[in-house]
Structures are given as C-alpha cells and as structure tokens.
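The values are calculated or read from the model by the stated rules, or taken from the named source; none is laboratory data. Computed from a prediction, not measured in an experiment: that's the story for all the values here. Cβ sites come from the backbone with ideal geometry, for glycine too, and all protein chains shown count toward neighbours.
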Amino acid sequence: MPIDTREVEKIAELAHLKFDPQELERFVGHFQQILEYFTQLETVSTDNVQYAHQAVEGKNRATPMREDEVRSSLPVATALDNAPESSEDHFQVPPVIE
Amino acid sequence: MSEIHHLSIKQLRDLIQRRDASVTEITESFLNRIRQCDDKIKAFLTVQEEPALAQAAQLDRQLASGESKNGLLTGIPLAIKDNIVTQGVRTTCASRILEDYIPPYDATVMSRLKESGAILLGKTNCDEFAMGSSTENSAFFPTRNPWDLERVPGGSSGGSAAAVAVGEAPGALGSDTGGSIRQPAAFCGTVGLKPTYGRVSRYGLVAFASSLDQIGPVGNSVSDVALLLQAIAGSDPQDSTSAARPVEDYLSEIDQEVKGLKIGVPKEWFGSGLDGQIEQSLRAAIKKLEGLGCSLLEVSMPQTEYAISTYYVIAPAEASSNLARYDGVRYGHRSADQTDLDSMFKSTRSEGFGEEVKRRIMIGTYVLSAGYYDAYFIKASKVRTLLRNDYHEAFKKVDLLVGPTTPSLPFKIGEKKTDPLEMYLMDIYTVTANLAGIPGLSLPCGFSQEGLPIGLQLQAPYFQEARLLNLGHALEQELNVQKPKLAV
C-alpha cells in the first residue's frame, strides 16, 4: 500500500503533529519502507483466529474487579505544580471561544 | 577484597550486616565511580548525590542504634530508568517534552524499593519514551557501551545496563516493552529480566504500550536480579493488571536442582539473521545445559518471522494513544509558538517529541485510522494470538526455552540510526515474550573476538520466574564467563 505526502499530512493532523517539508519527505520514505514490511502480515492465515484482547489470556489474566470506593487524590495545588500555566485552581489554556 | 563498586548486591548486604562497611562508605564508593567514569559512559540523566548521602547517613544511624528493620535491600544504592516516576526527583523519559517534570508521587516499584531500604542513586538515560534499541534516541545524549565507547549500550534501558556493567550502581531497574531490558543487558554483559506481564506493578511507569510494558531488574548476576525482583514483585491495587497470585521466594529457589529439566531450542531462532560468533557462543552454552543434566529438544516457533511486523503495529498503536496526553496543558513543555488551542497542541508536541517518537505516533495513528484498522491493527492482534499459541504448544513439550537475546553484537553509534526498519529488526528475539506476556531472562554467555558481550536468553511459561532464575543461575555458574577489561 503506497503512501503519499498528502496522506502523511492527514495522519499528522490526526496525531496533532506538524512537519517541515524536509522532515515530511524523510518521513514519507521511512513510512513507505515500514508499511511495505508490514505487508508480510497479509500472508498469514488468520481465518477463525480470535484477536488478542488482553496482554495475558485465560487463567493467568489479572484485571480483578474492585469496590467502587471514594479515595483521596492529589491535592489540587500539587496537581497544578507541573502545569505550564495555571490560574487559581485551574489549568490555563489559550482561549477556545472567539 | 575487590573494590566496593565491583561487589554484588549480595556481597554488599553482607558487608553492611557485618558492619564491615557503612552505608555511607558504600554509597560514596558508587558516587565516586559515577564521578570517575560517567563523563565517558553517560549513563545518568540525574545523579542524586546529596539526597543519597543523606539517606545513607540516616540508615547508618538507624543501624547503629538498632532501630533499622532489616530490609531486603537496606543500604543498597540503585539506579532507576528515567521513565519510572520518582517523587520530587526529575523524571524526563529522556524527552524534551518532560525535561522539567517533577513527579508528585512515587511509582509502586519505588515505594517498594524504599520500604526495602534501597537508596536512589540517580535516574538513567534511555531512548526517548523507551522507544529504541540503542539509547541514541535520548533527547539529551547517547549512552556508551562500557566495553567499547564507540558502540551503543543497547536500549531502551541502555543507561541502566551500562551503569551496572561499569560499577556505577550494583543494580538497576529498567522497563521492557519489546526487549528494552534484555537487549541492553546482553549488549553490556549484564543480567536482565523481563518478568511476566502483571508480575510487577506498572503504576508510575510512564506508559509506552500498556499491553506490553513491564518493569524489571538489571544486575551483575542472576542472584542479584532475583533479589531485586523479590523486592518489587507483587500485586498492587493501583495497577489492575498486576497479578493477584503470590510471589515466590526466588532466592531460596535459585539453588534448586535443574537436572531433568526439558529445554526447548526453537529452530527459527537460529536462522540466517543470527551473527556467527553469537551462534557459536550460544551452541557452546546450550551444550553446557546438557552437562547440567537438562535434556534438549528442538521446537518450532513458526510465527517468529512475523513478530517484528506484529510488534511494530501493536506497540505504536498503543503509544499513539498513550502519548496523546502530552498536550502542554497539565505538565511538560508548552510551546510559545501558538495562536489558539489547536496550534498550541501541534507546536508543543512537534517541538517536544524527537523523531523516533513522532514516527511511532504516526505509525500508530495510521494503523488505527479508519480504513486501515482491520488490515493492520486487528490483523496484527490475530497474529499475536497465533504467536501466543506457538508458546503454548512449545511449553506443552518443554519447561523452558533457550536462544539468543540479540541477532547482532553491539553496533557502532550512528550505524543504524538512519534506517528505522533495520533498527526494529534488532528486536526479533525479544518482542515475542512481550507479545505473549511471558518472562524472559538475558545473561552473558561469552565475549566475541573483539571483546564484546554476547547474551543468551531463557524464557519460561507465565509466572515461572523462579524456575527461570533457577536455570539462569545454574547456567551462569557452569559458564563462569570471564569478562575482559572494561573500557573505563
């Protein structure tokens, strides 16, 4: 499946990334090479095979249920410590309403 | 007595217990070693000199007054990979986007190490967000191989493996998503364990691919690795994928008889891609297993050739989702180049992430996007089931598997950096354990003609770490690998 610059730009948009033209060109090349390699998967017969939902299946699977209890969490001030910008008790972002 | 920084964790514990050395002397010795050689090795991103010495002094006082409870790792200084969060200590994941991040909490493994009495020496370099096989993808600097400074230490936990190899720390923690503990352990001549998925809590491990990630130890011997695993293993209410089953006593099981164990040798792991010197060294080591009374049986792992494709669809897919959190809002870098929220997200992420991380986010976004989801992600997840079935079939016949850790010897810095696919192929023998969720152990089995370490890998069924360490220990004693002189 060949991939072109426009498609890579579309994926970048979805991923919230941007590339300058030179970077983009290099990326398209690597992307094509990697996707080309992935085509080997098409040769594997997977009829009637369930896909792996979990890291570990069967009786070895963990993920037990727990009671839904209220627990203490990080204090607001601590949670805001690493924020690039904050105001009062909130994370601050650029305006989103015109 | 050899220098303190070349002693094993076990020997250091004995010194402390007999009061032959104070915790402060031991900590000083490792800090000295860091001062002496880390400008060449570059294993550490952060060294906790003063806090480590303060903690050491406190432990010494407690030991003198008899109020110290005898923890499993009392007074042992350790190095921790910089993608494991440490309260109040900068945790960068070797990324610009987290360059100044100070975690407000400890990862569960850190809390457990602290309870065991261990001392945090510092945080080690790695590939950015653990994405890489050489530690060249660190946003800060590459780490160097302690046996040849022109070569890579492997990755992504290259800093942890190099620090242990060179004696900057007697033990370390790393994380392994597709081989990131075992491969650098092999490249640096150390021992590294990826435990079963769920054996060690992932709470506080910065997420890369959540169905594959697992924290594990690096040490200079199998018994040190067993000791470190003992300290960190077990279920954790903060990680619902951690296993509820009890933790075995790895240290007391390590000396068990290995006679009669059936060891599988997967024929696909000795194919054309394997370096000749590695194969030769492995074959000799495998013969020693027979000498230990184990029986060898050829087995088949037919999906091996599809493992890299499967892994490099699934891991980036999970990464693209996990790394969506780096948006410049709650923590990390925020770009000044912005006109609105959307441009802030894009600029922040584009400035903050390095090339390989961007590439994986892009691959992941692509394989999850409409029109390609079935062809790539679902297909790879089905092949993952088949690969897991390979293990299931093999473990019906044998107790453990043996093979290489890496297809090549440590390569030169820069040699593979421009070809991502070639770098991905380095992970061929390690990704399968992550895709299946089983444990894998890498230990040194020899050195090449040019004096570079060669790793051997053992793998076991789910939660059979005790047997894995048991056989690893027996083989390590039998091989008695003589290490050449370090480059520093």
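Does B:GLY472 count as outside any loop (DSSP other than H, G, I, E, B) and in contact (Cβ under 8 Å) with a residue 40 or more places away in the chain? When the stated conditions are applied, B:GLY472 passes them. Here B:LEU421, B:LEU443, B:LEU471 are screened, and the one residue that is closer than 23 Å to B:GLU168 by Cβ and of a type in the set (A, V, I, L, M) is B:LEU443.
Within the bounds of the range B:289-296, is there any residue that is more than 30 Å from A:ALA83 (Cα to Cα) and touching a His at 6+ places or on another chain (Cβ under 7 Å)?
no
Each residue in the range B:413-469 was checked for being touching a Leu at 6+ places or on another chain (Cβ under 6 Å), aliphatic (A, V, I, L, M) and either more than 17 Å from B:PRO195 (Cα to Cα) or at pLDDT below 95 (or both), and 1 of them qualify.
Return yes when B:LEU78 is under 30 Å from B:GLY132 (Cβ atoms), surrounded by fewer than 24 Cβ atoms within 10 Å (Cβ to Cβ), at pLDDT 95 or above and under 19 Å from the mean Cα position of the chain (by Cα) and no when it is not. Spell out the reasoning first.
Values: under 30 Å from B:GLY132 (Cβ atoms): yes; surrounded by fewer than 24 Cβ atoms within 10 Å (Cβ to Cβ): no; at pLDDT 95 or above: yes; under 19 Å from the mean Cα position of the chain (by Cα): yes.
It is false that B:LEU78 is under 30 Å from B:GLY132 (Cβ atoms), surrounded by fewer than 24 Cβ atoms within 10 Å (Cβ to Cβ), at pLDDT 95 or above and under 19 Å from the mean Cα position of the chain (by Cα).
Taking the criterion of being out of contact with any strand residue (DSSP E or B) (no Cβ under 8 Å at 6 or more places or on another chain), more than 14 Å from chain A (Cβ to nearest Cβ) and crowded, with 24+ Cβ neighbours inside 10 Å, would at least one residue in the range B:472-482 satisfy it? Taking every residue of the range B:472-482 in turn, at least one turns out to be out of contact with any strand residue (DSSP E or B) (no Cβ under 8 Å at 6 or more places or on another chain), more than 14 Å from chain A (Cβ to nearest Cβ) and crowded, with 24+ Cβ neighbours inside 10 Å. The set of residues from the range B:72-95 being out of contact with any strand residue (DSSP E or B) (no Cβ under 7 Å at 6 or more places or on another chain) and without any contact (Cβ under 8 Å) to a residue 60 or more places away in the chain comprises B:GLN87, B:GLY88. For the range B:79-90, indicate whether the set of residues that are of a type outside the set (A, V, I, L, M, F, W, C), out of contact with any Lys or Arg (no Cβ under 6 Å at 6 or more places or on another chain) and closer than 19 Å to B:ARG182 by Cα is non-empty. Yes, the range B:79-90 contains a residue that is of a type outside the set (A, V, I, L, M, F, W, C), out of contact with any Lys or Arg (no Cβ under 6 Å at 6 or more places or on another chain) and closer than 19 Å to B:ARG182 by Cα. The residue pairs whose first member lies in the range B:289-303 and is within 14 Å of B:ARG388 (Cα to Cα), whose second member is hydroxyl-bearing (Ser, Thr, Tyr), and whose beta carbons are closer than 9 Å, counting only pairs six or more residues apart or on different chains, are B:MET301/B:TYR391; B:MET301/B:THR432; B:GLN303/B:THR310; B:GLN303/B:THR432. Scanning the range B:339-354 for residues that are of a type in the set (D, E, K, R), crowded, with 16+ Cβ neighbours inside 10 Å and at the interface with chain A (Cβ under 8 Å from one of its Cβ atoms) returns B:LYS346, B:ARG349. In the range B:25-55, the residue that is farthest from B:SER134 (Cα to Cα) out of those that are β-branched (Val, Ile, Thr) and in a helix (DSSP H, G or I) is B:ILE26. Quick check on my filter: what residues within the range B:96-128 are in a helix (DSSP H, G or I) and either under 30 Å from B:SER350 (Cβ atoms) or hydrophobic (A, V, I, L, M, F, W, C) (or both)? Those that are in a helix (DSSP H, G or I) and either under 30 Å from B:SER350 (Cβ atoms) or hydrophobic (A, V, I, L, M, F, W, C) (or both): B:ARG96, B:ILE97, B:LEU98, B:VAL109, B:MET110, B:LEU113, B:GLU128. Of the residues making up the range B:101-135, those that are of a type in the set (D, E, K, R), touching a residue at least 40 places away in the same chain (Cβ under 8 Å) and surrounded by fewer than 24 Cβ atoms within 10 Å (Cβ to Cβ) number 3.
Looking at the range B:194-208, is at least one residue away from chain A (no Cβ under 14 Å), touching a helix residue (DSSP H, G or I) at 6+ places or on another chain (Cβ under 9 Å), at pLDDT 95 or above and closer than 23 Å to B:GLN48 by Cβ? No, every residue in the range B:194-208 fails to be away from chain A (no Cβ under 14 Å), touching a helix residue (DSSP H, G or I) at 6+ places or on another chain (Cβ under 9 Å), at pLDDT 95 or above and closer than 23 Å to B:GLN48 by Cβ. Looking for something touching a strand residue (DSSP E or B) at 6+ places or on another chain (Cβ under 8 Å), acidic (Asp, Glu), closer than 30 Å to B:ASN470 by Cα and at pLDDT 95 or above - is there at least one such residue anywhere in the range B:283-293? Yes, the range B:283-293 contains at least one residue that is touching a strand residue (DSSP E or B) at 6+ places or on another chain (Cβ under 8 Å), acidic (Asp, Glu), closer than 30 Å to B:ASN470 by Cα and at pLDDT 95 or above. If a residue has to be within 22 Å of B:LEU401 (Cβ to Cβ) and facing chain A (nearest Cβ under 9 Å) to count, how many in the range B:293-333 make the cut? The qualifying residues number 7. Screening the range B:311-356 for residues that are part of a loop (DSSP other than H, G, I, E, B) and without any contact (Cβ under 8 Å) to a residue 12 or more places away in the chain and picking the one that is nearest to B:PRO103 (Cα to Cα) gives B:ARG330.
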